[in-house]
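Below is one structure, written out as structure tokens; comments come after it.
The values are calculated or read from the model by the stated rules, or taken from the named source; none is laboratory data. Keep in mind it's a predicted model, so treat the numbers as computed, not measured. Heads up, the Cβs are rebuilt from the backbone with ideal geometry, glycines too, and the neighbour counts pull from every protein chain shown.
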Amino acid sequence: MDFIEGEILYIDKPLYWTSFRVVRIIRAKLCQKLKIKKLKVGHAGTLDPLATGVMVICTGKKTKQIEQLQADTKEYIAQVRLGATTPSFDLETEIDAEYPTGHITRELIEKILSQFEGKIEQVPPLFSAVKVEGRRAYEFARKNEDIELKPKLLVIEDIELVYCDLPDITIRVVCSKGTYIRALARDIGEALHSGAHLTGLTRTRVGEITLDRCLKMEGIDKFLEENKLS
């Protein structure tokens, strides 16, 4: 394998790790193994620290393909709790409001989910890396500064309810680049005339690459030992 010329690795990002940490550790291990000081390493699509799953890592000249790879369709399995919201739309922040869920049924959830299929407009979370006036949105959020985020046009290719034990549900989502599953949870809660937030998220596929084809971070050293590096 020639990581300087360029390789693509598929990593199962661990829970609580930032995407940057995955890149930093892989870069350090490769530099140590190849006995070099610098190496281009990047990822094709950020995953939140509270999410796990498929991360595409590019090295060397393959980093030029990152933009192209970012456009690949993504698939997620998301755990959502109905009846409560948080400012970040996930468990990064504390619950800030609670709502009734007595009117919600499995049939109603399935009906609402079907309304999200196709082209939709989605307002990104305030706790996100979206740039506003040259700053990241989360920088405003952490200082309690009000900003207006513009909706983005996205495509939800498929969305289905795979588990229902109210107030907790699990959904499978196949979507385009730029989709925030946290924001989708928020919108589902609002459509149900309640509230919702994400309690777990796994990216199960990027393009044709599924989770079962990904390397675990704890297996990187063994992988580098078993493969011939040039």
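For the range 17-39, the candidate set comprises residues that are within 15 Å of the chain's Cα centre (by Cα) and either within 20 Å of residue 212 (Cα to Cα) or assigned by TED's automatic domain parsing to the domain that holds residue 199 (or both); within that set, the residue that is surrounded by the most Cβ atoms within 10 Å (Cβ to Cβ) is 22. Filtered by the rule that a residue be surrounded by fewer than 17 Cβ atoms within 10 Å (Cβ to Cβ) and in contact with a Gly (Cβ under 9 Å, 6 or more places away or on another chain), the range 40-49 gives a lone residue, 40.
Taking strands (runs of 3 or more DSSP E) that do not extend beyond the range 29-125, which have at least 3 residues that are more than 30 Å from residue 222 (Cβ to Cβ) and in contact with a strand residue (DSSP E or B) (Cβ under 7 Å, 6 or more places away or on another chain)?
On the way: elements: 41-43, 51-59, 74-82, 118-122.
So the answer is 74-82, 118-122.
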